[in-house]
Amino acid sequence: MTRPTEPQICPSILSCDPAHFAGSTAEMMEGGADWIHLDVMDGQFVPPITFGADLAGSLGKLGDTPLEAHLMTQTPEAHFDGFIEAGCTRVIFHTEAAIHAHRLCQSLRASGVESGAAINPATSIEALLPLLDVLDFALVMTVNPGWGGQKLIGSCLDKVAALREAAPDLPIQVDGGIDNTTIRSAWDAGATHFVAGSYLMRAPSIAEGIAALKTACA
Ligand code: DX5
Ligand code: ZN
């Protein structure tokens, strides 16, 4: 992959009112989202519980914007098939939860979806380097996972820069604390994909928020 000329904005539905997931997702799709980011939490890998593959299946029917599943779960492989069958074309598991991370990447690719691996703020990029031959996508968490609305941890951007140097063509996503004031530093560090949750909910409209994030990187 060559670096996209524009940042790829991946709105998360985590900060939406669950009673209005469909309306908010449609607004994201119509507002220029490049991907819809689904934060899946199991109450074990992180304390909260969010939703499962059924919701992905329903939201996917709202438009053509691709869906990615960010699995903040133990035994992530137990959930692969459900989210793939629900239409997610990128599945991201946490290296901290994977005993056989390389095999899990192989398995995602064999299922015809992009293989994604995530690292927490306390995890070094060394966890990703042995996966590079089977990895389509890296997620460098910029907050500790579990909740929206947290402040970006600056040291995580140093890991983005180091990973960019080690893997010049790898798509790199940042997740947590991204807004119109922080996105530029992540883009400059080498990130290509940007999750945004609470910032878009605070924006005058989701479309305006997405546009402001893109403008901040121009
Ligand atoms: C946190 C989730 C994020 C979260 C980001 O565990 O993985 O995707 O929704 O929310 P903001 O953009 O509010 O930091
Ligand atoms: Zn996420």
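The values are calculated or read from the model by the stated rules, or taken from the named source; none is laboratory data. Treat the numbers as computed from the prediction; the structure is a model and nothing was measured. Every residue, glycine as well, gets a Cβ built from its backbone with ideal geometry; the counts of neighbours run over all protein chains shown. We work out accessible area using only protein heavy atoms, side chains counted, and drop any ligands, DNA or RNA first. Shrake-Rupley method; radii C 1.70, N 1.55, O 1.52, S 1.80 Å.
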Accessible area per residue in Å² at 1.4 Å probe, computed on the chain: 41 Å²
Hey, if you put +1 on the Cβ of every Lys and Arg and -1 on every Asp and Glu Cβ in the chain, which of Thr123, Phe21, His94 ends up farthest toward the positive end of that dipole? Thr123
Of the accessible area of the chain, computed with a 1.4 Å probe and all protein chains kept, carbon and sulfur make up a percent value of 52 percent
In whole Å, what is the distance between the alpha-carbon centres of the range 50-99 and the range 139-160? 20 Å
Whole number please: convex hull volume per residue, Cα atoms of the chain, in Å³. 107 Å³
In terms of the charge dipole of the range 8-216, which places +1 on Lys and Arg and -1 on Asp and Glu at the beta carbon, the residue among Pro66, Gln44, Cys156 farthest towards the positive end is Cys156
Which length gain, in nm to one decimal place, applies between Arg184 and Ala211 when the Cα-Cα distance is subtracted from 0.36 nm times their residue separation? 8.4 nm
Return the loop-located trypsin sites (Lys or Arg not before Pro) in the range 34-131 (DSSP other than H, G, I, E, B) with at most 13 other Cβ atoms within 10 Å of their own Cβ; answer none if there are none. Lys61
Could you check the spin-label model distance between Ser58 and Gln106? Points 7 Å from the Cα along Cα→Cβ, value in nm. 3.8 nm
Could you work out how much longer the chain between Leu132 and Thr75 gets when fully extended? Use 0.36 nm per residue separation minus the Cα distance between them, nm to one decimal. 18.4 nm
Taking Cα pairs under 8 Å and at least six residues apart, what relative contact order does the chain come out at, in percent? 21 percent
Ala118 long-range amide H proximity, modeled H, under 5 Å: Phe93, His94, Thr95, Leu139
Using the Cα centre as the reference, give the magnitude of the dipole from point charges on the C-beta atoms of the chain (Lys, Arg: +1; Asp, Glu: -1; all else neutral), rounded to the nearest 20 debye. 320 debye
Set of aspartates and glutamates near Lys159 by C-alpha distance (under 18 Å), chain-local residues within fewer than 8 positions excluded: Glu96, Glu126, Asp136, Asp169, Asp175, Asp188
Residues other than Leu128 with Cβ under 13 Å of its Cβ, Lys/Arg counted +1 and Asp/Glu -1, net out at -3
Quick one: Karplus J couplings for the range 53-63, per residue in order, coefficients 6.51, -1.76, 1.60, θ = phi - 60°, nearest Hz, x for Gly and Pro? 5, 4, 5, 4, x, 5, 5, x, 6, 7, x
In terms of solvent-accessible area of protein heavy atoms at a 1.4 angstrom probe, what is the ranking of Leu55, Leu157, highest value first? Leu55, Leu157
